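First the structure, in the form of structure tokens, and then the observations on it.
The values are calculated or read from the model by the stated rules, or taken from the named source; none is laboratory data. Everything numeric here is computed off the predicted structure, so don't read it as measured data. Positions of Cβ are generated from backbone atoms using ideal geometry, with glycine treated the same way; all protein chains shown enter the neighbour counts. Calculation scope for accessible area: heavy atoms of the full protein, side chains included, ligands and nucleic acids excluded. Shrake-Rupley method; radii C 1.70, N 1.55, O 1.52, S 1.80 Å.
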Amino acid sequence: MIHKLLNNLAYYPIAIDNRLLRKKIRRNIPKLVEVVRKKDRIKVLFVLSNLSKWKTEALYRAMLVHPRFDPIIGIALGVVDYPTYEANNLSSLIAYIEEKGYSYTELRLTADIQERIQPDIIFYQQADGGIYDCLNFNHIREVLFCYIAYGVANGTAAYAYNDVYHNICWYWFVENELVIDYAKTVMSNQARNLVPTGTPMADELLADRQFVTNPWKQQGKLKKRVIWAPHHTIGSGKEEIHYGTFLQVADGILELAKKYHKDTQWAFKPHPSLKQKLYYIWGENRTNEYYRTWSDMDNTQFEDGKYAALFMYSDAMIHDCGAFTTEYLFMRKPCMYLVNGKEHPLNSFGKGCYEQYYKGTNVADIEQFVENVIHGIDPMKGQREKFFHDYLLPPNGKTACENIIDSILG
């Protein structure tokens, strides 16, 4: 009976009281920490299934060159929407990893982790570890779990803080103390395992761009580079949130890209889930044609993978996405948030990020923003600079990855 309950807890963490599982796993942590920190080489497994959600690459690379760590990439196919949506994600992830020359292993059974890899630490890509077929964290014994969210902890939704995994992991590495202050109010363990280190994505975004390949299309002359990144919450299915503005501005923004083709080039960077939602609303033919148009025009391109380089070489961004509300501020460039009156609640950190944005509600607002970008008009530049230095730079005068490694080694 207890074993069955624990299995259910891992798969349905919010619906069922997680106290039993939390105590069962966390009481074993001190013993594991003592053993792991005495090892000459610490084996760290990064469990991945989606390229756009891989926010720990900088940490993986830092551990590759560190004398104390042996990092391993493990690729697991999610059970959600298998085999179409997740299979496509898997193909993109493997192609990227192979292009980078990283080694990886496939994870199909719990035994792959426990018997073949035998890691000391596991980083899951997202908190609901149960989405990985046969990789339910409740079945992985004698391992320390760590967590870095693929999103940004700037909202207030309880599921983003108080899942079982959030509470049982050894360390959850977050952006700053503001995140911890809010987490204390909603987490069952009062956020005792959160550490304000900054995140590896911050290190990627702060990297020197001269060492990063420019992903933008070559143009005949220098143009302002604008990213448009629409969210997927467009009112399809049984969604509880509907802050996506895509349907209201999609055709208008495409027309702006055409109208200002002499002065701008655009990157269409939709949320990975948007296309599937549009299939239900627009149908496959219209959706595919729309995406194809962004790929084919001389001054536009479609982007669906890693985006740090895209950000670095951009001049401005327009979006309605949660994580990008924080992440694009690392660029210290003009940005517009599209609003429809249904925005999700934000914690104090999220509100601070949101306040650094110009706001738009229609295509006319977007066009004015684009014209300002073209002419270098940016009255909010000063306040964005101050926010960047006060809240976004990793603490301790170190990179986020250095802070995380220091925490792990104690």
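Got a sec? Which of Y313, Y291, Y307, Y280 is surrounded by fewer than 18 Cβ atoms within 10 Å (Cβ to Cβ) and under 15 Å from P230 (Cβ atoms)? The unique qualifying residue is Y291. Counting only helices (runs of 4 or more DSSP H) wholly contained in the range 327-393, the ones carrying 1 or more residues that are of a type in the set (D, E) occupy 363-375, 381-387. Identify the residue in the range 63-90 that is outside any strand (DSSP E or B) and over 26 Å from G322 (Cβ atoms) and, among all such residues, is modelled with the lowest pLDDT. This residue is P83. Restricting the range 168-179 to residues that are open to solvent by less than 10 Å² (accessible area, probe 1.4 Å) and within 20 Å of the chain's Cα centre (by Cα), the residue that is nearest to K351 (Cα to Cα) is V179. Please list, ordered by first then second residue, the pairs with beta carbon atoms under 7 Å, 6 or more apart or interchain, first in the range 250-261 and closer than 20 Å to N288 by Cα, second part of a loop (DSSP other than H, G, I, E, B). Final answer for the pair search is A257/M297; A257/N299.
Looking at V195, V186, which is the one that is modelled with pLDDT of 90 or more and either over 29 Å from D390 (Cβ atoms) or in a loop (DSSP other than H, G, I, E, B) (or both)? Only one candidate passes the filter, namely V186.
Every condition in (1) of a type outside the set (S, T, Y); (2) modelled with pLDDT of 95 or more; (3) over 26 Å from Y182 (Cβ atoms); (4) surrounded by fewer than 21 Cβ atoms within 10 Å (Cβ to Cβ) holds for F330 except the one numbered (3).
Out of all the residues in the range 206-221, is one or more part of a helix (DSSP H, G or I) and modelled with pLDDT of 95 or more? Outline the logic, then answer.
Our first condition is that a residue be part of a helix (DSSP H, G or I); within the range 206-221, this holds for 209-211.
The next check asks that each one be modelled with pLDDT of 95 or more; those that pass are none.
Among the residues of the range 206-221, not one is part of a helix (DSSP H, G or I) and modelled with pLDDT of 95 or more, which makes the answer no.
Each residue in the range 294-304 was checked for being loosely packed, with under 15 Cβ neighbours inside 10 Å and touching a residue at least 60 places away in the same chain (Cβ under 8 Å), and 1 of them qualify.
Among the residues of the range 202-238, which ones are among the polar types (S, T, N, Q) and without any contact (Cβ under 8 Å) to a residue 40 or more places away in the chain? Walk me through how you get there before you give the answer.
If we filter the range 202-238 for residues that are among the polar types (S, T, N, Q), which is where we start, we get 210, 213-214, 218-219, 233, 236.
Within the range 202-238, Q210, Q218, T233 meet the criteria.
Could you tell me whether Y102 is modelled with pLDDT under 75, of a type in the set (S, T, Y), over 18 Å from the mean Cα position of the chain (by Cα) and not in a helix (DSSP H, G or I)? Considered against the rule, which asks whether it is modelled with pLDDT under 75, of a type in the set (S, T, Y), over 18 Å from the mean Cα position of the chain (by Cα) and not in a helix (DSSP H, G or I), Y102 comes out as no. Say whether the condition of being within 27 Å of T156 (Cβ to Cβ) and open to solvent by less than 10 Å² (accessible area, probe 1.4 Å) is met by at least one residue in the range 363-373. Checked the range 363-373: no residue is within 27 Å of T156 (Cβ to Cβ) and open to solvent by less than 10 Å² (accessible area, probe 1.4 Å).
Just checking, which of K398, K342, K359, K386 is under 28 Å from A257 (Cβ atoms) and either in contact with a strand residue (DSSP E or B) (Cβ under 9 Å, 6 or more places away or on another chain) or at pLDDT 95 or above (or both)? When all the criteria are applied, what remains is K359.
For the criterion of being surrounded by 21 or more Cβ atoms within 10 Å (Cβ to Cβ), touching a residue at least 24 places away in the same chain (Cβ under 8 Å) and under 29 Å from W170 (Cα atoms), G410 fails.
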